[in-house]
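The values are calculated or read from the model by the stated rules, or taken from the named source; none is laboratory data. As the structure is a prediction and not an experimental result, all values here were calculated from the model. Please note: Cβ atoms are built from the backbone with ideal geometry, for glycine as well, and neighbour counts cover all protein chains shown. With ligands, DNA and RNA removed, areas are computed over all heavy atoms of the protein, side chains included. Shrake-Rupley method; radii C 1.70, N 1.55, O 1.52, S 1.80 Å.
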Amino acid sequence: MLFHRISSRSHPYSWMEIPMACGLKRLPVATTGASSKRRMALAGAAGLVALWAATSAAWGQNLPVLGGFAQFAVRALPAGATEAGDSSGSPAVKALKLTPTFESMGVCADVTGKLDGVRAELAYRAIGQKAWQAALDPVPCAPDRQFRGSILLLAPGERYEVRMRLTRDGKTLSEAVATARTWAESLPVARTVRLPAGVVREPLVIREQGTADGWIVYEAAEEGTTIDVGDSAANAVQMEGAAFVQVRGIHVRGGREDAVKILDSHDVRVTGCDISGWGEAGTWQWADENRTRGMFVDAQGKRIDGQSGIRVQGAVCRAVVLEHNYIHHPRGTANTWAFGHPHGPAGIVLSSTGGNHVVRYNDIVGAETYRWNDAITSEYNPHVTGGPHRDTDIHGNLLYLANDDGTELDGGQINVRYWGNWVEGGFCGVSCAPNRSGPSYVFRNLVVTGDERMATNSGFKMGGDRFPNPGVSFLLHNTVYALNYGLTSGHYGRGPTPIVSRNNIYAGPLESNGRVRHRHVAGGDFDFDLLSPEGFIGTTQPAPDREANAVWDYPKFVDAAARDLRLTDDSPGAIGGTPLANLNRADKTGAVSMGLFEKGAKDGLMPWRLNGWTVLPARQVVRVVSGGKVQTVPLRVRLSAPAGKTWRAIPGEPWLRCEPSSATGGESPQEVRVSVDPGALRPGVYHSSVTFRTDAGWLRTALLAVEVQADRRHEAVLDPEAQENLGGFQKVSDPQALGGGYVTTGDRAQPGQTTLTIEVPHDGEYFVMARVRAAGPPEKLAQQDSVDLSIDDEPRMQWDFWNVSHRQWNWVVARPREAVNGRFSLTKGLHKVTVHARESEVQVDRIVVANEPFPSR
Ligand SMILES: [Ca+2]
Ligand SMILES: [Ca+2]
Ligand SMILES: [Ca+2]
Ligand SMILES: [Ca+2]
């Protein structure tokens, strides 16, 4: 066997800390009677939590070191303690339950017997195959007295045998085998309802139920069906109490609240729909200082939030498949964190459902002025039933431009799998907080961050210990290209939460990017990742027991700007990963590539879709002049079976055009010329897109960052070190800096200021930029990344840079909450632009004010 199993060696994940952190009130209360009293007396608060019933992730025992991966075993009980429940006798699997999707199998094993030191192993094989394949070790989930795990990357419509073994000290104690078939791609259709061609103004309401052997399919007319209800109904499409129903290929427009609502329905599919124009735009408001400032409110003054392209709601909802949908241009947009938690539209919401869903191959595409709150969101984040809840797959999706999270997995996260997704633009990429029960598997995703202000918290947002027995989150083989942190933990409680991180790349455009902020001395099983040397915050770095086998270096990507995040052959991390069961294989030399792509991957295209369906480059930067001439950029489209025969291009903006806009595919790539008409665009950066759809329903979206320059640049440039009067700023001579020097706020922020007087030639919009750096240690960058800004005699505005390095100079555009889009209106004449010291160790090399957000041309 090519992979090794590896124990987590010397860093026990000490759950003994939980009660000390959170108090007795949150301990499990299931035990009663004399024995529990005795346990309490003997073991105290800490010992109680160490009972099997609460040691949901008690790994790190002295298991033999065999390789690179965490093993999970039930931890030994404290001396004198006894177990609750079915705790006597030899350990055994009482029931082995399999819950399939198309490509995964959730495994839950109820176990009995005396379990301390017991480990479970999982293996699988397709019926008819001889050899068992190893899967990742399942984890003990104490409150349910279960071992749980997932088998990944299976074939659809195939019957599999799954074997669980309980072992202690390498000896098998009990073994159980169960079989189940993964979901088939094709549906047995009893009846097809053809919808009328053209525009239908009535909502489509479905309360029907088919059967497992006879689905009912609602399908668009050959010529196309648009259901456009405007504001006349809450939803354009509504399923209520439906079952074994598919809705396919329709254009969905409007709906006062959500475009598509699936309420208490099971075994339903929404396939290949084009969904836009729902919800309420609202009014942006400023008046209410505390509650709604900076948010969009309805006529009653209420914040608008959670209006979704597709809403799945209610405990009856199970086995809901949302696939191949193009979800875009809601009526509203979300505020940024400049005004507190974002409120606004979502692409998909999973709200308190029964779980076991699949969300795959959707393009949830925002635009510069149509930002998601979360592209895929959970209701309600702290509930076990929140979000994907359990036995759910989210894969192969594009999630573009959220002001909060690309995806929330928040909730139970019981056998939730998230892979092959491309998250682009977001304050956070993927939220895994809280993980109430676990385990969840987040693997081989591309996460690129940056919200509307180009601000980032982190690529992965991980939980804490607010709830007892948090579940394990596996982060495996992801590539995080973040502007700030690669990962932060401690959300939902400050104490530790179980994370297993392997073979990930945590990086970004600056060398300080991708830092992992995991505060806790205990907990967190991180190893074999590629991190920047600035990297692991919250412990001695590199800690001997954490990231012991990491590569502390900067990756070399094929073309990060084009979002080809493959590693070059000579990049750090091209070897150095660890073999993982069910997920990778070492090559002939024993090497495993870190990050999202295997070595030798044919293209760097995300998200994971069918072979033979590519649109490249995945992203490009286009420079045009405001009011100027049309600029054309090429895309290469390749389409072959089974992804479809023909394709059609859908520009994401009225100022984009594609030539040709449709064609028949073929083996050789076709060139599509995308023209950008900047005639009506003000100077600025516009995150936009072109989406391609094939006749078989497959989507691909290419991203365009359009930089619109001013027709004539007007700029004022200041080297602050050349100023006479700097207040508390100190001058530093440095031949590497522009103009031979810079100013710094020093180790303590003194009241310093530097003023640039500019003559504005015309009334208009201007941007303020600065070339900055932070001098202090990288773990303190967050305390070294802001100044205040004032214009003329107006009040000061806080200017957070969001992205600084301690070594590299970086240009940042001011986007304070008073001007989130960076635009300041100035009238013709003289103006004073003043930068005031605010935090320590901030270095300012140059300040530029220009009528476009580019520091130079
Ligand atoms: Ca949420
Ligand atoms: Ca969120
Ligand atoms: Ca700060
Ligand atoms: Ca300078």
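Collect the residues in region 652-669 that are assigned to a strand (DSSP E or B) and open to solvent by 50 Å² or more (accessible area, probe 1.4 Å), keeping them in residue-number order.
Arg657, Glu659, Ser662, Thr664, Glu667, Ser668, Pro669
Might you check whether a residue that is more than 30 Å from Val685 (Cα to Cα), outside any strand (DSSP E or B), open to solvent by less than 20 Å² (accessible area, probe 1.4 Å) and not assigned by TED's automatic domain parsing to the domain that holds Arg673 occurs anywhere in region 597-609?
The answer is no, given that none of the residues of region 597-609 is more than 30 Å from Val685 (Cα to Cα), outside any strand (DSSP E or B), open to solvent by less than 20 Å² (accessible area, probe 1.4 Å) and not assigned by TED's automatic domain parsing to the domain that holds Arg673.
Take region 113-140 and flag every residue that is part of a strand (DSSP E or B) and in contact with a Gly (Cβ under 7 Å, 6 or more places away or on another chain).
Within region 113-140, Leu122, Val139 meet the criteria.
Among the residues of region 769-789, which ones are modelled with pLDDT of 95 or more and open to solvent by 40 Å² or more (accessible area, probe 1.4 Å)?
Hit for region 769-789 is Arg771, nothing else.
Just to check your reading of the model, which residue among Thr755, Thr691 is part of a strand (DSSP E or B), open to solvent by less than 40 Å² (accessible area, probe 1.4 Å) and either touching a Lys or Arg at 6+ places or on another chain (Cβ under 6 Å) or basic (Lys, Arg) (or both)?
The unique qualifying residue is Thr755.
Looking only at strands (runs of 3 or more DSSP E) that fall completely inside region 523-581, which ones have 3 or more residues that are buried (at least 17 other Cβ atoms within 10 Å of the Cβ) and modelled with pLDDT under 95?
Filter on region 523-581 gives 525-527.
Among the numbered criteria (1) free of Cβ contacts under 8 Å to residues at least 40 places away in the same chain; (2) in contact with a Leu (Cβ under 6 Å, 6 or more places away or on another chain); (3) β-branched (Val, Ile, Thr), which one does Thr182 miss?
With respect to (1) free of Cβ contacts under 8 Å to residues at least 40 places away in the same chain; (2) in contact with a Leu (Cβ under 6 Å, 6 or more places away or on another chain); (3) β-branched (Val, Ile, Thr), Thr182 is out only on (1).
Among residues belonging to region 329-350 that are crowded, with 24+ Cβ neighbours inside 10 Å and part of a strand (DSSP E or B), point out the one that is nearest to ligand 3 (Cβ to nearest atom).
Ala346
Could you list, ordered by first residue, the pairs with Cβ atoms under 6 Å in which the first is in region 718-735 and polar (S, T, N, Q) and the second is open to solvent by 50 Å² or more (accessible area, probe 1.4 Å), at least 6 apart or interchain?
Pairs found: none.
Restricting attention to region 102-112, and to residues there that are touching a residue at least 60 places away in the same chain (Cβ under 8 Å) and either of a type outside the set (Val, Ile, Thr) or open to solvent by 30 Å² or more (accessible area, probe 1.4 Å) (or both), which single residue is farthest from Ala319 (Cα to Cα)?
Among residues in region 102-112 that are touching a residue at least 60 places away in the same chain (Cβ under 8 Å) and either of a type outside the set (Val, Ile, Thr) or open to solvent by 30 Å² or more (accessible area, probe 1.4 Å) (or both), the one farthest from Ala319 (Cα to Cα) is Ala109.
Given the conditions (1) out of contact with any Lys or Arg (no Cβ under 6 Å at 6 or more places or on another chain); (2) open to solvent by less than 30 Å² (accessible area, probe 1.4 Å); (3) at negative phi, and given that Ile216 satisfies all but one, which numbered condition is not satisfied?
Only one criterion is unmet by Ile216, namely (1).
Can you tell me which residue within region 466-487, out of those that are more than 22 Å from Pro138 (Cβ to Cβ), of a type outside the set (Phe, Trp, Tyr) and in contact (Cβ under 8 Å) with a residue 60 or more places away in the chain, is most open to solvent (accessible area, probe 1.4 Å)?
My answer is Arg466.
Would you point out the residue of region 610-628, among those that are assigned to a loop (DSSP other than H, G, I, E, B) and in contact with a helix residue (DSSP H, G or I) (Cβ under 8 Å, 6 or more places away or on another chain), that is nearest to Tyr361 (Cα to Cα)?
Ala618
Give Asp747, Asp792, Asp763, Asp711 a once-over and let me know the one that is under 37 Å from the mean Cα position of the chain (by Cα) and open to solvent by 40 Å² or more (accessible area, probe 1.4 Å).
Asp747
Scan region 818-832 residue by residue and report those that are modelled with pLDDT of 95 or more and either farther than 13 Å from Glu452 by Cβ or basic (Lys, Arg) (or both).
Arg823, Phe824, Ser825, Leu826, Thr827, Lys828, Gly829, Leu830, His831, Lys832
Would you mind finding the one in Ala367, Ala375 that is within 12 Å of ligand 2 (Cβ to nearest atom) and either free of Cβ contacts under 8 Å to residues at least 24 places away in the same chain or open to solvent by less than 10 Å² (accessible area, probe 1.4 Å) (or both)?
None of the others qualify; the one that does is Ala375.
Given the structure, is Asn356 more than 20 Å from Phe460 (Cα to Cα) and open to solvent by 10 Å² or more (accessible area, probe 1.4 Å)?
Yes; evaluated as a whole, the condition is true for this residue.
Give the residues of region 610-626 that are open to solvent by less than 60 Å² (accessible area, probe 1.4 Å) and farther than 18 Å from Ser688 by Cα, sorted by residue number.
Leu610, Gly612, Trp613, Thr614
Do we find that Leu401 is over 30 Å from Gly149 (Cα atoms), buried (at least 24 other Cβ atoms within 10 Å of the Cβ) and away from ligand 2 (no atom under 12 Å from the Cβ) in this structure?
In short, yes.
If you take the residues of region 378-388 that are within 16 Å of ligand 2 (Cβ to nearest atom) and farther than 24 Å from Asp274 by Cα, which of them is least open to solvent (accessible area, probe 1.4 Å)?
For region 378-388, the residue satisfying everything is Gly386.
Identify, by number, the condition in (1) without any contact (Cβ under 8 Å) to a residue 40 or more places away in the chain; (2) in contact with a helix residue (DSSP H, G or I) (Cβ under 8 Å, 6 or more places away or on another chain) that Thr407 doesn't meet.
Result: Thr407 passes all but (2).
Gly354: among the small types (Gly, Ala, Ser), in contact with a Cys (Cβ under 9 Å, 6 or more places away or on another chain) and in contact (Cβ under 8 Å) with a residue 40 or more places away in the chain, yes or no?
yes
Out of region 776-827, which residues are within 16 Å of ligand 4 (Cβ to nearest atom) and under 29 Å from Glu759 (Cα atoms)?
Matches in region 776-827: Val787, Trp809, Asn810, Trp811, Val812.
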